[in-house]
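The values are calculated or read from the model by the stated rules, or taken from the named source; none is laboratory data. Keep in mind the model is a prediction, meaning the values are calculated, not measured. For neighbour counting, all protein chains shown are included, and Cβ atoms are generated from backbone atoms with ideal geometry for every residue, glycine included. In case anyone asks, the SASA skips ligands and DNA or RNA and just uses the protein heavy atoms, side chains included. Shrake-Rupley method; radii C 1.70, N 1.55, O 1.52, S 1.80 Å.
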Amino acid sequence: MNAAKQEMFETVRSVVAGRLRDEAQIRELAHRISEESTTLRRRLDRAVGYARAGLRLEACAEAEAEPSVFELAAAFDSDVMRQWRTLCSKNKLPLQDEIASDALSEIEEAIALTAPLRSRLARMRRLVLSDASAWNKLEILRELVSRDSDNPAWQEDRAALEPVTANELGDRFEAALEKGAIDEAELSVTRLEDGKWHWSGAAKVAAQLRARLDRALSTQTALEARAVIALLDEEWAAENESGAQAALESWRDLEQRMLSYGGEMPEDLLARVDEAEAWLAARQSDAAAHRENIDRVAALERLVHDDAVTLPGLRKTLRSAEQTVAGVPDDLRASAERKIDSFERAARMKRLALIAAVVLVLIAGSVATVYVLRQSEALKRIDDIAAAITSNIDAGRLAEADQQLAEAEKETAVAGSPMIAAARSKLTAARAAIAEKRQKFTSLMAEAGAPDSEAAKPDRIEEAKQFVQSEEEQAKVASWIRAHGNATGTRRTERMSEGIARAKAIAQEIMVAQPTGDASWDGTFTAWESALTDVQRQYSDFDEVTQEVRAGRTSLMAQRAKTDAARLEIGRVGKLSGLGAAATSPQKLADALSAYIKEHDASAEANDFKAALVALPAWEAVTAWSAVQPRPTVLLADRPQKERDAVAAAIDEYVQAHPSSPYGSACEALTPLLAGAPDWRVYLTEKLESMEEFTYWMIERKDGSRWYCKGDPRSSPLQTQDGVAVKNVMVYQGSKFKKTTFEKFEQLQLKTEGPSPQTLFRKQLAELIADDEKSVNDIDGAFDAISVLRENETVDGALAALLMQGLLESMAPHMPTVVRPQIEAAVKRIAKEKPDTIDWINPRDTDARDRSRAARVAMREAVQPELWRKAYVSAMASACAPLAVVYEPAGVFVKSGGKDVFLPNKITVTPANTTLWIAEPPIGSNPGMMIKLGTVKQDGAVEFDSAATTVTPGNMVFTIKRGSKP
């Protein structure tokens, strides 16, 4: 039992023990307990119904569902709840429903009968699961084992199913590998490695499949690596260093993946990557040499313009700049050489000056010394010429070196120098090397082929780059690379356009399709999916094609969703149309609506049906009214009170069981009309027995004067006085002090003597009260007593008015409200005459005689029993009229396609002019009522009233039962 119900019973204990006295809380608790007991009774009724229909398993499920009916029944049957029932009965609070013990016995018997079947049911569950895939069955079994761990049947099922599931996952793995679906294959392996397997062979199967999966992943990674190398070649051919660097980074990522799979990259790809890395390193080195050239040329330029520069420094800077890749610009070299020449001339002039000085100082200088000096100068000049030629050869300025060599050969002394010969040999070797490079360059360019040909060889161009010696050759290489890149790009664009066109064609075919819920669309969707997969596989190197394929798959998903929605709609419409057949009883309709809500929770009807289910108690109340016995009719106005009490008890029991009944207001109006009003009998009986005036005797003269006495005046003897027969009778002089005196009556003046009229009237009233045939019930008897008292002429008017006043006062609080105001008004009118102050016993009081007659007239004017009786009967007829109508379920009201629809619960056509009704439960202070929904026309269609716009779809529709008064 859940915490809420335990709290409810604990609260009941608090109330019974006197710890809780809040009336509002107690009343709310009484309503809640009444509803809970009603729910329990209905569960028992359903379970017993299942058991009696042979559905014992359903009966057990209904009874054993938490909280079980046995647990709740024991709680409701405790001593505390019996005390609570007594408390509710005394305080007129809603009573809990009685729980039939025989129903519990039937359910226990059903449970005992199904106990031996549990093992077979476990086997049956295993057989039922055979229709699903092994993996789905295993998932369900794992959940069942976790939730029902004490049931060995689930353990057995799991042990039997795990090897089958492993085989199925292996088959799925094989199929996925065949069609290249690596993700699906990996999912199968992952499921085998999830750690939830109890079968020992699962780990072995998983290891085998994982090894094969790693090999497949290695193969896939190798293919991706070849695609990356192809991209690297393109970037290399275009001399795009950043693109080549990005391709190498992708290669390294793939290499790491390959290592994780335990594989190795192909050797040819590794060699190609090494070459690319070497080229990239060389390009980076060339860039460094170029930057060095720029720096040294800049330093040389600064020294050329620096007046403080020295000759050794300038020569060293010029030599270092000439040894760089690009050498020294001609203009800068000329400036540097001019400055060097100026420095050298200055140095020679200094030497000559020194020599002249020496000659002048050493007048005795010899010719030999002069000759040595001249020879030294000649050798120095030859060294400078040879150094200049060698410098130009080293710098690649062969034309300048050739010109300098030609000028040097014009001088015989210079031409024969070994240093000049060495320079000439070096120049010849340099020209031979240049010719060899040009030949190799021309050969490689020819081998590369036409740049726009598919057979072009970009690798030959890469080799030819090493032999480029002139700007013209460099331009040829760049032109070839550019043309080849354009051709390759054109072919790539054409192939990409072809892939995009194919993907768009498939996507367009998917988009224009109008799928329905037919099963044939599954094959169409599979064919489209296969076509998109083929396109993606053939053009996987194009992101644009992949995007189009992705768009096609998005459209395919949308179309699949349409088919699913159409199938769901077909099922929903079928389920909706089946609601009419279920509307034979409120509970069946409620079950059908609940099933619809569960299956189609997102539909618009589901919310309406949830709201409509609130009216289930009202539907049950309408159908239960036909079983109420005895039936209330207007004839109860003239029936014995016992029959009226039986009808009132039946109505009260019905209202207690069905507080939401549309008959509630009519029952509430009828119940007071059936209530007893016995107080007037008590009052009248007491007055007839206790009023002394009803025991008086009377003697009346012919002049109409009445004298009342204690004894029978006829027993007084006659006497003769003066020849006249007289009698002396002791009579009352008045009603105030009840004094008596002897009064003489002449025999000839006497009219009557004997019992007083009120004495005779008392006997008449007593007979009326005791005669059930004349007064069948309290209300009818009250009207009869009023009529008799009103119509009596013999009783004194004052006494009749006084008696009528008391009679009306005693019955007014218990009379129906329809006549109570008139009765109270009559009491007030009679009270104005003050009949209790009239001395009606004294015949000599003429004023009393007048007032007595006036009181009788006022009483007869104010008291109208026949009019009251008619008003009461009319109220009874009005209250019984709606209760005479008995309704029966006819179908259900729904909305379909924005239109109001009535779904009958019978195959036959509803007769024309049949009125359809809806049971509306009480809402706030508004009572429940039956609302007219519409009328069936001649063609079977329903003409709905304006009230249909406010009716919630899902409401049960009723018609008036044949033989029932409308």
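Could you derive backbone 3J(HN,Hα) for the stretch 426-440 from the dihedral phi with the Karplus parameters 6.51, -1.76 and 1.60 (θ = phi - 60°), listing whole Hz in sequence and x where the residue is Gly or Pro?
5, 5, 5, 5, 5, 5, 5, 5, 5, 5, 5, 4, 5, 5, 4
Can you tell me the 0 to 90 degree angle between the C-alpha axis of helix 679-690 and the longest principal axis of the chain, rounded to 10?
The angle comes out at about 20 degrees.
In whole percent, how big is the carbon plus sulfur part of the accessible area of the chain, probe 1.4 Å, protein atoms only? Display every interim value, and only then the final one.
Working: 28650 of 53310 Å².
Answer for the chain is 54 percent, counting heavy atoms of protein chains only.
Excluding same-chain residues fewer than 8 positions from residue 744, which lysines have a Cα within less than 26 Å of its Cα?
Excluding near neighbours in sequence, the set is 702, 710, 727, 736.
For the stretch 172-202, which trypsin sites (Lys or Arg not before Pro) are both in a DSSP coil and crowded by at most 15 other Cβ atoms within 10 Å? Each step should come with its number before you reach the end.
Details: sites: 172, 179, 191, 196; in loops: 179, 196.
Of the trypsin sites (Lys or Arg not before Pro), the ones in loops of the stretch 172-202 whose Cβ has at most 15 other Cβ atoms within 10 Å are 179, 196.
Which FRET efficiency value, to the nearest 0.05, do you get for residue 829 and residue 689 by plugging their Cβ-Cβ distance into 1/(1 + (r/R0)^6) with R0 = 25 Å?
0.35
Please compute the modelled spin-label separation between residue 820 and residue 354, points set 7 Å along Cα→Cβ, answer in nm with one decimal.
15.4 nm
Quick check: residue separation of residue 146 and residue 543 times 0.36 nm, minus the Cα distance between them. What number comes out in nm?
Working it through step by step, the gained length comes to 138.2 nm.
Placing unit charges on C-beta atoms (Lys and Arg positive, Asp and Glu negative, everything else neutral), compute the dipole magnitude of the stretch 764-890 about its Cα centre in debye, rounded to 20. Show your work: numbers first, answer last.
Details: 15 positive and 21 negative charges, 121 e Å.
About 580 debye.
What whole-number value in Å² describes the accessible area per residue of the chain for a 1.4 Å probe?
The answer is 55 Å² per residue.
How much length would be gained if the chain were fully extended between residue 42 and residue 219, taking 0.36 nm per residue of separation minus their Cα-Cα distance, in nm to one decimal?
57.0 nm
What is the angle, in °, between the Cα long axis of helix 820-832 and the longest principal axis of the Cα atoms in the chain? Nearest 10 is fine, range 0 to 90.
40 degrees
With a point put 7 Å past each Cα toward its Cβ, work out how far residue 938 is from residue 915 in nm, to one decimal.
So the label points at residue 938 and residue 915 sit 2.2 nm apart.
Take the cross-link list 316/426; 687/738; 751/832; 92/828; 92/588 and give me the ones stretching past 26 Å between alpha-carbons.
Exceeds cut-off: 751/832; 92/828; 92/588.
How much length is gained on full extension from residue 208 to residue 961, taking 0.36 nm per residue of separation minus their Cα-Cα distance?
Gain on stretching residue 208 to residue 961: 263.6 nm.
Just flag the chymotrypsin sites (Phe, Trp or Tyr not before Pro) in the stretch 704-744 sitting in loop per DSSP whose Cβ has no more than 12 other Cβ atoms within 10 Å.
Qualifying residues, ordered by number: 737.
Beyond a 31 Å Cα-Cα separation, which of these cross-linked pairs lie in this structure: 610/961; 5/90; 90/870?
Pairs exceeding 31 Å: 90/870.
Compute the acute angle (0 to 90°) between the alpha-carbon long axis of helix 778-791 and the principal axis of greatest extent of the alpha-carbon atoms of the chain; round to the nearest 10°.
Approximately 40 degrees, to the nearest ten.
What distance in nm separates the two pseudo spin-label positions at residue 187 and residue 742, each 7 Å out from Cα along the beta-carbon direction?
With each label point 7 Å from Cα toward Cβ, the separation is 13.2 nm.
Please enumerate, by chain and number, the lysines with C-alpha under 24 Å from the C-alpha of residue 465, excluding those fewer than 8 residues away in the same chain.
437, 440, 457, 476
Using only Cα atoms, locate the centre of the stretch 526-565 and the centre of the stretch 577-617, then give the distance between them in Å, rounded to an integer.
40 Å
With the Cα gyration tensor of the stretch 431-512 in hand, convert its eigenvalues to equivalent ellipsoid semi-axes via √(5λ) and list them largest first in whole Å. Don't skip to the answer; put the middle values down first.
Working: eigenvalues 359, 19, 9 Å².
Equivalent-ellipsoid dimensions as semi-axes: 42, 10, 7 Å.
Straight distance only, please: which aspartates and glutamates reach the Cα of residue 562 with their own Cα at less than 19 Å, same-chain residues fewer than 8 apart left out?
509, 518, 522, 529, 599, 601
Counting only the backbone N, which residues of the stretch 926-966 are under 12 Å from the spot 7 Å out from the Cα of residue 601 toward its beta-carbon?
Backbone N within reach: none found.
After finding the eigenvalues of the alpha carbon gyration tensor for the chain, what semi-axes result from the square roots of 5 times each, listed largest first in whole Å?
133, 37, 27
When the helices in the chain are scored as -39500 (n - 2.57) per DSSP H run of 4 or longer and the sum is shared across all residues, what 222 nm value do you end up with, to the nearest 500 deg cm²/dmol?
Values: 36 runs with 636 residues, N = 966.
About -22000 deg cm²/dmol.
Order of 913-923, 437-447 by packing, highest average Cβ count within 10 Å first?
So the peptides 913-923, 437-447, ranked by packing, come out 913-923, 437-447.
Please state the charge dipole magnitude for the stretch 815-924, taken about the Cα centre, from unit charges on C-beta atoms (+1 on K and R, -1 on D and E), reported in debye and rounded to the nearest 20.
180 debye
Cα convex hull of the stretch 836-881: mean projected area in nm², to one decimal?
With the hull built on Cα positions only, its mean projection is 4.1 nm².
Putting +1 on Lys and Arg Cβ atoms and -1 on Asp and Glu Cβ atoms, find which of 477, 458, 525 reaches farthest to the positive end of the dipole of the stretch 458-580.
Working it through, the farthest residue towards the positive pole turns out to be 525.
Count neighbours as other Cβ atoms within 10 Å of each site's Cβ, and list the GluC sites (Glu not before Pro) in the stretch 790-824 that are DSSP loop with at most 10 such neighbours.
793
Only Lys, Arg, Asp and Glu count, each charged at its Cβ (+1, +1, -1, -1), so figure out the dipole size of the chain about its Cα centre, rounded to 20 debye.
Taking the Cα centre of the chain as origin, the dipole is about 2580 debye.
First measure r as the distance between the Cβ atoms of residue 495 and residue 566, then evaluate 1/(1 + (r/R0)^6) with R0 = 35 Å and state the FRET efficiency to the nearest 0.05.
Working from the Cβ atoms, E equals 0.35.
Please give the FRET efficiency for residue 156 paired with residue 264, using the beta carbon to beta carbon distance and R0 = 41 Å, rounded to the nearest 0.05. Mind dumping the intermediate values first?
Numbers: r = 48 Å, r/R0 = 1.16.
Between residue 156 and residue 264 the formula returns 0.30.
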